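What follows is a single structure, written as structure tokens, with notes after it.
The values are calculated or read from the model by the stated rules, or taken from the named source; none is laboratory data. For clarity, every value in this text was computed on a predicted model and none was experimentally measured. Cβ: placed from backbone, ideal geometry, glycine included. Neighbour counts: every protein chain shown.
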Amino acid sequence: MNPEERSRAQLETHPDQLATSIKAVFEHPKADVLLTWLMDVCSATQTPFDEDPLTMAAAVGRQQVWFALNTILSMDGRDIAACREAVAAWENDIV
């Protein structure tokens, strides 16, 4: 088994350690910035529908990343809105 396979096996065997690590990262004061970016990149709050099936498949794949992350973080609509509002407030900070 190569290192990639071993690490994947460990993540699958110890989901509690993975969840603890992810939660620790997203407790950082700047986590709202990363979460907002991830929401946008992963199309978390948008439909993945597209006339082009390859574009739609890519969007669905990105959403799966968000869904996996949010399974651990358990963010609801209010949490998502709070992240977006924190980033939107940058406009007031820029001189």
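Yes or no, residue by residue, for (1) surrounded by 10 or more Cβ atoms within 10 Å (Cβ to Cβ); (2) modelled with pLDDT under 95:
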site: 1; (1), (2): no, yes
site: 4; (1), (2): no, no
site: 14; (1), (2): yes, no
site: 29; (1), (2): no, yes
site: 48; (1), (2): yes, yes
site: 54; (1), (2): no, no
site: 63; (1), (2): yes, no
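Take the residues in region 78-95 that are under 16 Å from residue 42 (Cβ atoms) and not hydrophobic (A, V, I, L, M, F, W, C); name whichever of them is surrounded by the most Cβ atoms within 10 Å (Cβ to Cβ). Step by step, filter region 78-95, then rank; the result is 84.
Taking the criterion of being assigned to a helix (DSSP H, G or I) and on the phi > 0 side of the Ramachandran plot, no residue of region 71-80 qualifies.
Which of the helices (runs of 4 or more DSSP H) contained wholly in region 1-70 include at least 3 residues that are out of contact with any helix residue (DSSP H, G or I) (no Cβ under 9 Å at 6 or more places or on another chain), of a type in the set (D, E, K, R) and farther than 28 Å from residue 85 by Cα? Break it down into steps so the answer makes sense when it comes.
Values: elements: 3-13, 15-25, 31-41.
By residue number, 3-13.
Among residues of region 46-68 that are in contact (Cβ under 8 Å) with a residue 12 or more places away in the chain, those with a beta-carbon under 7 Å from a residue that is polar (S, T, N, Q) at least six positions away or on a different chain give the pairs 48/63; 59/43; 62/43; 63/43.
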